[in-house]
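What follows is a set of notes on a single structure, which appears directly below.
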Amino acid sequence: MTENIKYFICGLWRLKTIQKWINHHYNDNENLIIDSKYFPYVVTKNGEIFSNSSQIYTVKQAMTDYILDDIQKDDIVIDIGANVGGFCIPAAKLSNYVYAIEPITTDELRHNISKNNLNVRVIEGGLGNGMPSEVIWNKKKTVKTYTFAQIKSICGGCDFLKCDCEGFEWFIRPSELEGIRRLEMEIHNFNPSPNDPTILINGILNEFNISLNSMFFKKSDDFFKFKFKKNINRIGEIDEVAILHGNRK
């Protein structure tokens, strides 16, 4: 134990910062800590530009979690929980009609959209019941919300829905999915809505062929094993998550 501490202190003294020590010690060329003071932007392998901020990890998540290569030019694409644009920015290269719904990181989202010179309409707010609601993302904030029916009305419909809003997806009613061809949805075991989650789950299973990407669940029936929470104090308390890929039957 003492030798490990000595090794850490000597290495830190030689390399001057913990950041350099981590990069040197683990020597992982694919995962590096990059100082945003000197590297303010990150460019993806497909050429999208993003600010090198604390939210950059969400861009990688969007790239690895969601399937978007079947987006069509005339699709109305709605990205609920757009964060800093990890999904909506690449989607805007495929469709002329992309809408980003985001209640928290709207300034950085708009900046990233501008840097990529793309046409994405940002709607500041969250998914909910249409009333102001408290959301948690790094901090608690009361934000304006829209029902999914209201969002569809603002956007002129929806062909392709990507939704990642930390439990607020349960505000969606099955009837509101009418007209949607494709779903890319992250679902959580936090339900702040008054709705019964099994109603939405059954609605999706009845109307869509789905596949799952989840460390918790392997088949659609596993959705019904979710242990739902009604109140949380931080995002880390959401401990069961599944990513759903859906094609209308």
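Values quoted throughout were computed directly from the atomic coordinates according to the rules given, and no laboratory measurement underlies them. Source: prediction; values computed, not measured. Cβ coordinates were reconstructed from backbone atoms using ideal geometry, including for glycine residues, and neighbour counts include every protein chain displayed.
Table for the structure above
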read-out	value
Cα-based convex hull, region 61-248, per residue volume (Å³, whole number)	106 Å³
Burial ranking of peptide ranges 123-130, 85-92 (average Cβ count within 10 Å, highest at the top)	85-92, 123-130
Cα gyration tensor category, rounded, prolate or oblate, for region 71-160 with a/c compared to 1.5	oblate
Ascending count of other beta-carbon atoms within 10 Å, so fewest first, for LYS60, LYS249	LYS249, LYS60
TYR146 long-range amide H proximity, modeled H, under 5 Å	GLY126, LEU127, GLY128, GLY130
Fraction of beta bridges assigned by DSSP in region 61-248 that are antiparallel (%, nearest 5)	45 percent
Order of HIS188, HIS111 - criterion: other Cβ atoms within 10 Å of each residue's Cβ, fewest first	HIS111, HIS188
Virtual spin-label span in nm between THR44 and THR142, 7 Å along Cα→Cβ	3.6 nm
